[in-house]
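Asks: First the structure, then my questions, so here it is.
Throughout, read-outs are computed from the coordinates displayed, never taken from laboratory work. Predicted model only: the values in this text are computed from it and were never measured. Here the Cβ positions follow ideal geometry from the backbone for every residue, glycine too, while neighbour counts run over all protein chains shown.
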Amino acid sequence: MKSLMITAAAAALTLAAVPAVSQAQEVYGTVGYANVDADGPTLGAIQGRLGYKFTPYVGVEGEAAFGVSGDTTGGVDVDLKHEVGAYVVGFMPVSPQADLFARVGYSSTSFDTSLGDVDGDGVAYGVGGQYHFTDKDGVRLDWTRHDYDQGNADVWAVAYTRKF
């Protein structure tokens with residue numbers, strides 16, 4: 001009888017926690033501008049993300065970008081063709097409207113140069129913050145370092161963010 005009461009109490013607590021967990025889950029998207037410093041050339045990109053927060057503290061996001069402005073370095077023209085990545089994100093809520101975050105993942109990038117295409121794959125990690133000025137709409141600022149075998153890229157981004 002004692003174990004039955006403990007099991008019933010545990011089940012009741014679990015069911016009571018379900019609404020709290022489901023309220024913490026969140027789908028979000030961002031679209032914005034990214035400045036890409038690719039160890040020499042400085043490029044511009046339009047960047048989008050789609051993310052899912054499992055809890056207020058942990059989420060995942062996918063990212064894609066395409067170049068909108070190129071650069072010439074050492075007589076070589078460089079343009080960003082595309083970049084895609086996937087990340088695990090740790091959030092630190094600062095207030096109901098603001099979060100700081102850190103993320104780590106893997107990205108793949110392709111550059112078009114006057115000497116031929118250059119591709120890079122590797123670990124990417126970064127930090128940032130976001131502030132929601134309404135329940136759904138906000139702004140996000142972040143920095144991400146892409147470590148490739150062929151070189152590195154530092155990406156500074158500003159984006160509009162929307163909770164769905």
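Asks: Report, in degrees rounded to the nearest 10, the 0 to 90 angle that the Cα long axis of helix 2-24 makes with the longest principal axis of the chain.
Replies: Tilt relative to the chain: about 40 degrees.
Asks: Quickly work out the residue 92-to-residue 57 label distance, labels modelled 7 Å from Cα along the C-beta direction, and quote it in nm with one decimal.
Replies: Using points 7 Å along Cα→Cβ, the separation is 1.3 nm.
Asks: Mind giving me the nanometre distance, one decimal, between the label points for residue 137 and residue 125, set 7 Å out from Cα along Cα→Cβ?
Replies: So the two model labels end up 3.6 nm from each other.
Asks: Subtract the Cα-Cα distance of residue 50 and residue 147 from 0.36 nm times their separation in residues, and report this length gain in nm to one decimal.
Replies: 32.7 nm
Asks: A follow-up question, please. Could you tell me which of 78, 150, 36 has its Cα farthest along the dipole of region 26-163 towards the positive end, charges placed at Cβ (Lys, Arg +1; Asp, Glu -1), taken about the Cα centre?
Replies: The residue sitting most towards the positive pole is 36.
Asks: Could you give the size of the charge dipole of the chain about its Cα centre, using +1 on the Cβ of each K and R and -1 on the Cβ of each D and E, expressed in debye and rounded to the nearest 20?
Replies: With Lys and Arg at +1 and Asp and Glu at -1, about 1220 debye.
Asks: Can I ask one more? Grab the DSSP H runs of the chain that are 4 residues or longer, score each as -39,500 (n - 2.57), total them, divide by all residues and round the 222 nm result to the nearest 500 deg cm²/dmol.
Replies: -5000 deg cm²/dmol
Asks: Return the FRET efficiency for the residue pair residue 158, residue 112: r is the Cβ-Cβ distance, R0 is 30 Å, and the value is rounded to the nearest 0.05.
Replies: 0.75
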